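As structure tokens, the structure follows; a few thoughts come after it.
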Amino acid sequence: MSRSAKSPLYIGILFPGIVSLLFSCSSVPKKTAVNHAAGEYSTQDAEISSAGGTSIEIDKSKQGSRTYFSGVDKETMAAVENGSPESIRAAVSRIRKPELDYTETEKVLLSVMAAVMEMVWPSEKVDWDVPEVTDVTPYLGAIDSARKGVYDFSTGNIDFLTLVLPSIVVISSDNVSGYAQSAEQALERGLRIRPDSVLAQYLLGILCQKTGRNTDALAHFISASQGSPSCLETSYARAVCLKNLGRMDESSAIAGMLVARYPSDIRILKLCAETSFALKSYSSAEEYVARVLQQDPNDLEYILFRARILTEKGDYIRAASLLDVYARQNSTSRDYLLLRARIQRDWSKNISAAVSTIETALAKYPDDVDVLLFAAQLAAVTDAPVGGRTSEQLAEAVLMSDPDNREALRYQIEGTVESGAWQKAYTLSKKLLAKDNSHQTIFTHIRICLEIDKSDEAWNLISPIYRDNPDDEDVLQSYIVVLTRTGRASQALSLINSRLQNASPKMKSFFYFRRSFLDSGQDQILADLRSSLIANPRNGDALFRLYQLYYNQKDYLKAQYYLKQVIALDPNNAAMRKLNDDLIKLIK
């Protein structure tokens, strides 16, 4: 008879009274009595839910009975139930003897420990001879089922091992939903029997992780790794769980410790690469990715990952070359299209090519948040639709599925500002401000407030920020704008004059530009604007103001001269190009 055969009659011969356990049901849990010694487990109507939702009742008449491993000493069973690699080896050492001297019970236990080492702790070696087993038991039956990807509900749950061994399947199983509740209940009961079990904690951690409960999983992985500090699998699982929770510093620290011990383990190298990238340590990330690709040069995911790292480092030439390599096998993946569009926008400065690439991505991944956000960004930059939708419309598509997406809210606000829908922009900006009170969000809200005559609100926002950050250039710029727009012109002028002499070129350009609004005569206005451009020839605001001044004077050639410089700084701005087209008609 094979190990996996589970004839109730045969099991009844091995375990008197278990046949009644397998076939009697109860829906009412009652008190459980536990003896941690030698795997003993007695109960009064203790239940565990099966796949069908019924309960398994343990025969009251056998209450206090010893299990199959009753003849094994308590210390050995404690080590087996702890289940860590070192505890398993300790238990094997206690049992090991000439093969002919093994009892059948010892053979089963050695086989169980070999299977746990192989399936749960694959980084460890089974360095003992595993004798042939003739007994059919629920222990090896549960292991055989786990090898086949099946959770074994028929072990009887008579002791620690029959409770815990079926859950080995969670390691290789992609979908645990069919047995998750039963497995969790069984593992928790196993931990009540053996609270120090590294094996049960680790399996319960994996189960929680695969059911989307990373916080719960982390608690179990911490217990498991503390119980077996030298175990690769428990430490690695803990690091991955920390990464999933966004705790990159902690994850990276564990990954660094592991890679020092296992420098060629590709899983650890990948974890090091991903945590380094998340921490913006791009040189370290590239080094780890290179080590991954040395082992597997055809790993497309990591070829693309390396291109992404190089893009972050500004090494666009090498990044583009890697993208070309990747595209030979896959030119339509989401990540490829996003990275290709980014390089076209940031390196090639070819916005039309970036728009074309992202429109391909939109057609293939119409509901993808990252694709929609990138398209919204391009639409905002070009002030033109992408994929037939404006920046605001693309942002709204994201917000339909993710109402709290801050980046989408920013693009939606930007779109409403560009279209001049100030009241709508104000409502949206208030919503974003409630979620994000960063300076940039506040500056945008201040600008909107100034456009709809909410001067007091703008003043109340900027005043405390300036008080706490008087030398921050962005804060100072926003503060001066609010001063000039809220009837505090004399304060603005005094502040500009006091800061002008020792200012950086960027701030000098800003100060002269803002002072031009406070000047009384045309000659002084022009002088300040020219001084602004001497300090920073690329000050688009000063260039555009000069265009406006000459346009109003109907000096269209001079107006065009300055407008063309604005367009050179922002060649994708459709609104500026339209103004130039109108000027050309006037000049003709």
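Listing for the model above:
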item	result
Entries of Lys349/Lys578; Lys270/Lys313; Lys424/Lys558; Lys349/Lys564 with Cα pairs more than 25 Å apart	Lys424/Lys558
Nonlocal amide H pairs with Ser84, under 5 Å, H built at 1.01 Å	Val198, Leu199
Accessible surface of the range 434-497 [probe 1.4 Å, protein heavy atoms]: carbon and sulfur percent	41 percent
With every protein chain in place, the range 176-242: carbon and sulfur % of accessible area (1.4 Å)	49 percent
Theoretical ellipticity at 222 nm over the chain - DSSP helices of four or more residues, -39500 (n - 2.57) apiece, nearest 500	-20500 deg cm²/dmol
Only Lys, Arg (+1) and Asp, Glu (-1) charged, at Cβ; the chain dipole about Cα centre in debye	1900 debye
In Å², nearest 10: area of Trp347 left accessible to a 1.4 Å probe	110 Å²
Filter on Lys280/Lys435; Lys148/Lys210; Lys364/Lys435; Lys74/Lys97; Lys364/Lys431 - keep pairs with C-alpha separation over 20 Å	Lys280/Lys435; Lys364/Lys435; Lys364/Lys431
Area accessible to solvent at Arg308, 1.4 Å probe radius, in Å²	110 Å²
Separation of the Asn437 and Glu250 label points, Cα + 7 Å toward Cβ, nm	2.7 nm
Using alpha-carbon coordinates, inclination of helix 422-435 to the longest axis of the chain, degrees	40 degrees
Between the range 81-143 and the range 219-238, the Cα center-to-center distance that results, in Å	22 Å
Hz values of 3J(HN,Hα) by residue in the range 447-460 - Karplus curve (6.51, -1.76, 1.60), Gly and Pro given as x	4, 5, 4, 5, 7, 10, 6, 9, 5, 5, 5, 4, 5, 5
Accessible solvent surface per residue of the chain, calculated while the other protein chains remain in place, 1.4 angstrom probe, Å²	47 Å²
Exposure rank, largest accessible area first [Asp555, Asp474; 1.4 Å]	Asp474, Asp555
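The values are calculated or read from the model by the stated rules, or taken from the named source; none is laboratory data. Fair warning: this is a prediction, and the values are worked out from it, not measured in the lab. For neighbour counting, all protein chains shown are included, and Cβ atoms are generated from backbone atoms with ideal geometry for every residue, glycine included. Areas reflect the complete protein model, heavy atoms only, side chains present, ligands, DNA and RNA absent. Shrake-Rupley method; radii C 1.70, N 1.55, O 1.52, S 1.80 Å.
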